[in-house]
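Comments concern the structure below.
Just so it is clear, none of the values below were taken in a lab; they were calculated from the coordinates. These numbers come from a predicted model, not from an experiment. Cβ placement follows ideal geometry from the backbone for every residue including glycine, while neighbour counts extend to all protein chains displayed.
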Amino acid sequence: MSATHTQGHAHDHHDDHGPAKGLKRWLTTTNHKDIGTMYLVFSLLMFFVGGGMALVIRAELFVPGMQLVDPGFFNTMTTVHALIMVFGAVMPATVGLANWMIPLQIGAPDMALPRMNNFSFWLLVAAFSLLILSLFMPGGGPAAGWTLYPPLVLQTGDALPLAIFAIHLAGASSIMGAINIIVTIMNLRAPGMTLLKMPLFVWTWLITAYLLIAVMPVFAGAVTMLLTDHFFGTTFFAAAGGGDPVLYQHIFWFFGHPEVYIMILPAFGIVSEIIPTFSRKPLFGYDAMVYATASIAFLSFIVWAHHMFTVGMPLAGQMFFMLSTMLIAVPTGVKVFNWTATMWRGSLSFETPMLFALAFLFLFTIGGFSGLMMAIAPVDFQYHDTYFIVAHFHYVLVPGAVFAIMAGVYYWLPKWTGHMYDTKLANLHFWSSAIFVNVLFFPQHFLGLAGMPRRIPDYSTQFADWNMVSSIGAFGFGLSQLLFVLVIWKCARGGAKVSSEVWDGARVHGLEWSVPSPAPYHTFDVAPVIK
Amino acid sequence: MSDPRVSAGPTDEQRRRIRRTTLVLALVALGIYVAFIASGVMQARG
């Protein structure tokens, strides 16, 4: 975006009153920057809680045989790890970035619905408090996998209603957050900022927000039906009463596949901001990137049954879902091509955000390719429910979504704090993460191809070696993330002062680089005019 | 502005549009929720 602004900011005209003091600031704040910070801190906390659960899983799988936990608890760990990482870590992290950056990028003073913004956040805290508390209910926590398939999930003990209530609260929080983002983008853009002048991060979030509104109610409906099946004698998903357990799978994946894009589209947006800045070039094919994002979002609604090839469906159905899934590779390929073309003959530099963005580009593409492999219905019959699937979606979500979020944090952190972070420590965090994430997940491709099933606490000795390697990678990756906390902590407390532009030449890439660093508590009280 | 910690808000016209868009989006979300449960009811009835 080559937009420039011609008017000063309100902080030039008003006294910049700071926030309230103490705990009250965080409980009652309606400021988008405060709420963004709270979302980011919350997601980091959840990242460590969910990561701790992943380490329980990998510790148990370090060698064959049962060592540390009983199988029921192992299943609880796999289930709650996934729920926390998806709904408590990745999604809130992207919402936190959206809260911080969307108003700054579109020249708005705040989100359009600031009180609802606060409510959305605290609802999320309530949701995950309940979900974590459900681990301590009689009968143990939810253990049927994050997909909550009936009839298995209906065998859950007292944790079931608590977990379902938690999902409803998290869903309501997401929907309110999505409404807020759409309303903000559609109504509070600076004069002159047409839709096709918006930064890519704003575009990807606008499309993500529509996806959220379309599919979160579907998931809420599915778990409501589970609840009534369990407590009120309905038989939506019970064959004995005329229901159909496969109906749940269809409904779940009608939500579940767009959910993948809800996590990855904002990541695309972040990477689309970072690569031009460190290539010192405008983004190649801006319009094509917007249309590719919209195409991916549309296609995400018509591919859900590729998760269900082995459930059984007519050949025509298999063909449709196979081909529609492969079609997603086209707009995704457009994006990868355009990021590469942006770097082509650019004046590249490799600061920490760029390193994470490049790792995203390579490693997300690996996850995308293994996804293409599984889109082929007859091949999926071999891979289904194996560690190959685990490797695939972790490549998409960890060096994909999580690396992009980390790239975004390293990109905007100086703008938030006014300080440059310890770049040596940040680069160490990058290299240790990039190495260990591959040690962790790449061997899982081999395990899956060799036939190791997912969601098992014990395994045949033929799988021992690669499991040990994967577990070593997991502990290395987990420890590496302590560096991330250290970098952020040090940066928040002090460091070399940065200019408003922060990165060389960043000003032409977005309005956020036109406000001082750290960004004042109130920005754009007077809207800038985009030429 | 009565509260100095609150930034300058949107104009009246923007507020109207914000209210309208919020209402429409909330109704869409609620409608999808009800529609999917209704489809489950119809499926269960055969």
Rel. contact order, % - alpha carbon contacts under 8 angstrom, at least six apart, chain A: 22
Taking the convex hull of Cα positions in the range A:442-503, its mean projected area over all directions (nm²): 7.0
Calculated FRET value between B:Arg15 and A:Leu327, using beta carbons and R₀ = 41 Å, to 0.05: 0.50
Ascending count of other beta-carbon atoms within 10 Å, so fewest first, for A:Thr352, A:Thr29, A:Thr461: A:Thr461, A:Thr29, A:Thr352
Total charge dipole magnitude, the protein assembly as shown, about the Cα centre, Cβ charges on Lys, Arg, Asp, Glu only, Debye to nearest 20: 1020
Normalised contact order of the range A:318-468, rounded percent, pairs of Cα under 8 Å and 6 or more residues apart: 30
Reachable lysines from A:Lys197, criterion Cα separation under 20 angstrom, eight or more residues apart if same chain: A:Lys281, A:Lys335, A:Lys531
For A:Glu273, A:Glu60, order by how many other beta-carbon atoms lie within 10 Å, fewest first: A:Glu60, A:Glu273
Residue-averaged [θ]222 nm for chain A, counting only DSSP H segments that reach four residues, each worth -39500 (n - 2.57): -22000 deg cm²/dmol
Computed over the range A:225-338: relative contact order in percent, which uses C-alpha pairs under 8 Å that are six or more apart: 24
DSSP H segments from chain A that extend 27 Å or more along their own axis, Cα-based, with Kyte-Doolittle mean of -1.0 or above: A:32-60, A:114-133, A:159-187, A:200-231, A:245-279, A:352-375, A:423-449, A:464-493
Residues with amide H under 5 Å from that of A:Thr386, placed H, sequence gap 5 or more: A:Arg454
Residue-span extension gain [A:Ala316 to A:Val69] - 0.36 nm each, minus C-alpha spacing: 84.5 nm
Mean shadow area of the range A:38-192, taken as a quarter of the surface of its Cα convex hull (nm²): 10.2
Pairwise Cα inverse-distance average, inverted: Kirkwood Rh of chain A (Å): 23.8
The range A:88-135 and the range A:155-209: distance between their alpha carbon centers, rounded to Å: 9
Proxy reagent accessibility, fewest Cβ within 10 Å first, across A:Arg115, B:Arg15: A:Arg115, B:Arg15
